[in-house]
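Chemist: I have a structure here, written as structure tokens, and I will follow up with some questions on it.
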Amino acid sequence: MKLQKLKHFLIIAVLALFSYQDAFSQCFQIESILVDACGVQEGLNEMVRFKVGNTAINTSNMSVSWPNNPWQGLIRNSVTAAKVATLNADILDAGGCGQLIEPTGGVLPANASVILVTSHNFDTDLNSFGALTDNVYIIFQNNPTTVSGHFANSGTGIRTLTISFGSCSDTVSYDRALLIDTNGATVPADGAIVQYTPAGTATYINNGCSAPVPPFTVDAGPATMSACAGTTISLNGIAQGYQSVRWSAVSGTFSTATNLSTTYTSSASQAGTVVVITLTATNSCGLEIRDTINLTLTNSTTPNFPTTLSLCTGSTAPVLNTTSPNGISGTWNPAVVSNTASGNYVFTPNAGQCASNITLSVTVSNSITPNFPAAISICTGSTAPVLNTTSPNGISGTWNPAVVSNTASGNYVFTPNAGQCATNMTLNVTVSNSITPNFPTTLSICTGSTAPVLNATSPNGITGTWNPAVVSNTASGSYVFTPNAGQCATNMTLNVTVTNGITPNFPTTLSICTGSTAPVLNATSPNGITGTWNPAVVSNTASGSYVFTPNAGQCVTNMTLNVTVTNGITPNFPNTLSICTGSTAPVLNATSPNGITGTWNPAVVSNTASGSYVFTPNAGQCSTNMTLNVTVTNGITPNFPTALSICTGSTAPLLNATSPNGITGTWNPAVVSNTASGSYVFTPNAGQCGTSTTLNVTVTNSIIPDFATELALCNGDGAPALATTSPNGITGTWNPAIINNTTSGSYVFTPNAGQCASNVTLNVTVGQLDFKVDNGCEGGNYRLTVVPISDFDSNDVDYEWKNNQGVRVGTDSSLNVTELLNSTPVEEEFPITYTVQVTTAQGCTLTREETVYGIFCSIPKGISPNNDNKNDEFDLSGLGVKELTIFNRYGVKVYGYKNYTNQWKGQSDDGKELPDATYYYAISKSDGQTVTGWVYLNRQR
């Protein structure tokens, strides 16, 4: 209901009569006056509407200054109650969900909408409230006999109304000459209403003989219309008091089906048919009303102009005819065809011909040049090419001359065939004599020498290829040059002679020591080859290569001497050594790790005094002396602590493998025990002159804080504070520090340092309890079932169901209402409210209630609405039906109802009896399911 009221207020915010719903400062505001009431006794049927401000007001001090007649006070009695009951019944019959209310104790609540009637004897038949969508308070003047009106509704002049409630009042005025009839003419007529803004500005409307509340009407437009099939028409509906609107038709499409103003596009295949277009309006109570338009669709003719045209740039463009060959007249846009640019030209038929637009696509093409080669060269006497009569870009035509000559150069003109937007082109043919490439014809090289690269272009410019392509430096042979095509050149041959070469037999490597006397390089090899060296002199300071180049004419190859100059090598003995006083001194090796041999001085290391020992390499090794410095050191004691105390079970310290004074070594045992006392011996690694040391570890038993380790709470219960001192005196802190009373969790107590106490954990279990009650049919029985929302075990809780007398009726998670009601002889009246209480193992409880409006659990196959109280209605009670729609055998909707239970008794939407037949139903359920089927309507059974 709250959501429904919210929707209602959103709707009335845009309605004329309800356009002033904003909060205002005064205690009330006059919103409208029904000036010209219906009926002979007009003075009994006039009404005033006003809106209460932010504070309730009492009618006990209300007074009214009417333009005519005195104020006679208010009355509330059985007559007013009967009138209100009659009106409320009419409102419900009209499909409204609002009601008229007489105020209790004369109190009009804050923000209430109020109708003041000029007499409690008014005629309810003449004052329809229609499908009222909101609750409205109604009060009556104690006026039993006055028949003359309280307002003047004819003539000219200003009339004024004042209403007061003690200290606050509101006054409005209107001009009698501006009252209108239902057509909007300024002629006084029954139903004339004046509306007022908060500032008192008047507007004039007329809704006929009805109360001054928003009417619920819909008007689709003209009853009949005509259009061409396949075209689009505009629709402009009118509606009042609606929440939503919807256009529909059995075929065709709407641009926006939920707007009053829309367009409708029919199908071209519907020519010759009548389409019924329906505008349906729905108010906030779910009531639907409809209005229709019968649209006659006629055939549409397409003008039979050509749709494409091709022109050459600059050619004469055709004139566009304004009448098609099949007689459709109209206009072109653009009106004139361009001969310079392509484009589309749209023909729009003149009105009244039921013809459609067509488009002419004009392509303007530039002149194309045939893309034959512009020039070719051929050799005298060669085969002349045949001239193609179609260019690569598709231009066909003829050549002049038609045949290419192979004896004389000349021009050949190509003329395109007509109709191609193409230009002439000329081919220049050059006929040339043959040329011989002027390469040398002979070449001599030495075996193994670098063979020359064969040039692909001759000195006289002939390009081509050689075969073989590479000259061999090991065997004599002939190499043929073939010119590339198109040069009018002939082949030629190069004859290459390869002569064996001699290698000078000098040594190829030499090693000397830095600074030694370098050898002189000989200018004649042992095998008699003469030549020169580069460099000419060997260096005794840097390694290098020396190339011997034979003198010319010997068919001899170069050779290279690689000279390595070696620096003096330092023997890679260690240059320092530390030993402990009195330890065994090492023997000095006569060969270094890098292979240098020699002798030491002194030859034996002393283990009592530090000193230096010089190694002198043997001759011929290019090596230098080196010195070993020996340090003899006294023993050192590692400065670890000698005692340690820890708590049983605490984290034992790791034993450091290096003492604070730098002694490295190992411990035995290697790991400290946190359960038993013991001694741990540190042994220094070799070579440190360090002594062993002992660590004595004492392990003391740990105390466990005697806090509770388990706690159960219900969600939202007050959680106890966590004590920071245990009953056995251990102090410390908790993490987290405060218990969360909505979520289960663990809380760890960590003792303060120095107490030899261990951590303890408190596990808090918070019972979560939240559920909903589902209803529905199962196996033909109507059930209420508890469905957990929070994470609790549905099998680990207690259930207690009670009826609306508080009697216990079930203890399971599901209550079989059908079985329960069938088990007693009492005929229960619906609705029935059941409550269920769920209790968890932690003692947490939660109660919810569910109202049952019926326990019907199957869909009838047929109904016989003959008022015999047997199978008179299509009863879907208890099935959770969100909406029911009924269609006839032609697929036309004949009935619809939202939040359905058992309202259909064979009637149509407009209340008329439907003929006996089989009808198709579609059921939308609240759980999202859709159920369809057939129901038989037969009133004879």
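Throughout, read-outs are computed from the coordinates displayed, never taken from laboratory work. Predicted model only: the values in this text are computed from it and were never measured. No Cβ is skipped: glycine too gets one built from the backbone with ideal geometry, and neighbour counts run over all protein chains shown.
Chemist: Tilt of helix 2-12 relative to the longest C-alpha principal axis of the chain, in degrees (0 to 90, nearest 10)?
Modeler: The two axes meet at around 80 degrees.
Chemist: Using per-residue counts of other Cβ atoms within 10 Å, averaged over each peptide, order 356-362, 308-314 from highest down. Could you put the intermediate results ahead of the total?
Modeler: Working: 356-362: 15.6, 308-314: 14.0.
Most protected by this proxy first, the peptides run 356-362, 308-314.
Chemist: Give the aspartates and glutamates whose C-alpha is closer than 18 Å to that of LYS893, dropping any in the same chain fewer than 8 places away, or say none.
Modeler: GLU288, ASP291, GLU883, ASP909, ASP910, GLU913, ASP916
Chemist: Classify the stretch 219-298 as rounded, prolate or oblate from the Cα gyration tensor: take a ≥ b ≥ c as the square roots of its eigenvalues, call it rounded if a/c is under 1.5, otherwise prolate when a/b beats b/c and oblate if not. Provide the component values of the computation, followed by the final result.
Modeler: Details: a/c = 2.40, a/b = 2.16, b/c = 1.11.
Here the stretch 219-298 falls in the prolate category.
Chemist: What residue among THR80, GLY327, ASN656 has its Cα farthest toward the positive end of the dipole of the chain, where the charges are +1 on Lys, Arg and -1 on Asp, Glu, each on the Cβ?
Modeler: ASN656
Chemist: Once amide H atoms are built 1.01 Å from N in the peptide plane, which residues 5 or more positions from CYS228, or in another chain, come under 5 Å H to H?
Modeler: THR298
Chemist: Could you calculate, for the stretch 710-767, the ratio of the Cα radius of gyration to the Kirkwood radius, expressed as Rg to Rh? Let's see the in-between values first.
Modeler: Numbers: Rg = 12.2 Å, Rh = 12.0 Å.
Across the stretch 710-767, the Cα-based Rg/Rh ratio is 1.01.
Chemist: Could you work out the longest stretch of the chain that avoids the GluC sites (Glu not before Pro) located in DSSP loops with at most 11 other Cβ atoms within 10 Å?
Modeler: Free of exposed loop sites, the longest segment is 1-826.
Chemist: Something else now. With a cut-off of 8 Å between alpha carbons and a minimum separation of six or more residues, what is the relative contact order of the chain in percent?
Modeler: Contact order relative to length: 4 percent.
Chemist: Checking a compactness column here: for the stretch 449-579, what do you get for Rg(Cα) / (2.2 N^0.38 Å), N being the number of residues? It would help to have the intermediate numbers written out before the result.
Modeler: On the way: Rg = 25.6 Å, N = 131, 2.2 N^0.38 = 14.0 Å.
Taking the Cα Rg and dividing by 2.2 N^0.38 Å, one obtains 1.82.
Chemist: Given the stretch 862-937, report the % of alpha carbon pairs whose separation exceeds 15 Å.
Modeler: The answer is 52 percent, as a whole percent.
Chemist: Quote the convex hull volume per residue of the stretch 637-740, based on C-alpha atoms, as a whole number of Å³.
Modeler: Cα-based convex hull of the stretch 637-740, divided per residue, equals 136 Å³.
Chemist: Could you run the Karplus curve 6.51 cos²θ - 1.76 cosθ + 1.60 with θ = phi - 60° over the stretch 440-455 and give me ³J(HN,Hα) per residue in whole Hz, x for Gly and Pro?
Modeler: Whole-Hz 3J(HN,Hα) from phi for the stretch 440-455: x, 9, 9, 7, 10, 9, 8, 4, x, 6, 5, 6, x, 7, 7, 6.
Chemist: If you wrap a convex hull around the Cα atoms of the stretch 771-852, how much volume per residue is inside, in Å³?
Modeler: Details: hull volume 7.7 nm³, N = 82.
Normalising the Cα hull of the stretch 771-852 by residue number yields 94 Å³.
Chemist: For VAL84, VAL194, what ranking results if the residue with the fewest other Cβ atoms within 10 Å of its Cβ goes first?
Modeler: VAL84, VAL194
Chemist: 222 nm [θ] for the chain, helices only, -39500 (n - 2.57) per DSSP H run of 4+, per residue, to 500?
Modeler: -1000 deg cm²/dmol
Chemist: Which value, in nm² and rounded to one decimal, describes the direction-averaged projected area of the C-alpha convex hull of the stretch 308-365?
Modeler: With every direction weighted equally, the projected area is 3.7 nm².
Chemist: Could you give the angle, 0 to 90 degrees to the nearest 10, between helix 78-93's Cα long axis and the longest principal axis of the Cα atoms of the chain?
Modeler: It is inclined by approximately 40 degrees.
Chemist: Given LYS861/LYS898; LYS802/LYS861; LYS83/LYS882; LYS802/LYS870, which pairs have Cα atoms separated by over 27 Å? If you can, show how the numbers build up before the last one.
Modeler: On the way: LYS861/LYS898 21 Å; LYS802/LYS861 35 Å; LYS83/LYS882 34 Å; LYS802/LYS870 32 Å.
Violating the 27 Å limit, Cα to Cα: LYS802/LYS861; LYS83/LYS882; LYS802/LYS870.
Chemist: Quote the relative contact order of the stretch 605-719 in percent (integer), defining contacts as alpha-carbon pairs under 8 Å separated by 6+ residues. Let's see the in-between values first.
Modeler: Values: 183 pairs, mean separation 26.9, N = 115.
Relative contact order, the stretch 605-719: 23 percent.
Chemist: While we're here: Would you grab the residues whose amide H sits under 5 Å from the one on VAL605? Only those 5+ places off in sequence or on another chain, please, with H modelled 1.01 Å from N.
Modeler: Distant-sequence amide H within range of VAL605: LEU588.
Chemist: I've got another one for you. Using the Cα gyration tensor of the stretch 78-138, with a ≥ b ≥ c the square roots of its eigenvalues, what is the shape: rounded (a/c below 1.5), prolate (a/b larger than b/c) or oblate (neither)? Can you show the working numbers first?
Modeler: Working: a/c = 1.84, a/b = 1.15, b/c = 1.60.
Since a/c reaches 1.5 but b/c is at least a/b, the shape of the stretch 78-138 is classed as oblate.
Chemist: About its Cα centre, what dipole magnitude does the chain give when the only charges are +1 on Lys and Arg Cβ and -1 on Asp and Glu Cβ, stated in debye to the nearest 20?
Modeler: For the chain, the charge dipole is close to 3540 debye.
Chemist: Calculate one ³J(HN,Hα) per residue across the stretch 863-871 by plugging θ = phi - 60° into the Karplus curve 6.51 cos²θ - 1.76 cosθ + 1.60, and present them in order as whole Hz with x for glycine and proline.
Modeler: 9, 10, x, 10, 6, 9, 6, 10, 6
Chemist: Which of rounded, prolate or oblate describes the stretch 442-499 when judged by the alpha-carbon gyration tensor and an a/c cut-off of 1.5?
Modeler: prolate
Chemist: Further, regarding this structure: Explain nothing, just compute: Karplus ³J(HN,Hα) = 6.51 cos²θ - 1.76 cosθ + 1.60, θ = phi - 60°, for every residue of the stretch 28-34 in order, whole Hz, x for Gly and Pro.
Modeler: Result, rounded to whole Hz: 7, 9, 6, 9, 7, 10, 7.
Chemist: A follow-up question, please. In vacuum, with every alpha carbon of the chain counted as one equal point scatterer, what does the Debye formula give for log10 I(q)/I(0) at q = 0.05 Å⁻¹? Two decimals, please.
Modeler: Computed log10 I(q)/I(0) values: -0.84.
Chemist: Sticking with this structure for a sec: Could you work out the percent of alpha carbon pairs in the stretch 767-903 separated by over 17 Å, rounded to a whole number?
Modeler: Beyond 17 Å sits 66 percent of the P(r) for the stretch 767-903.
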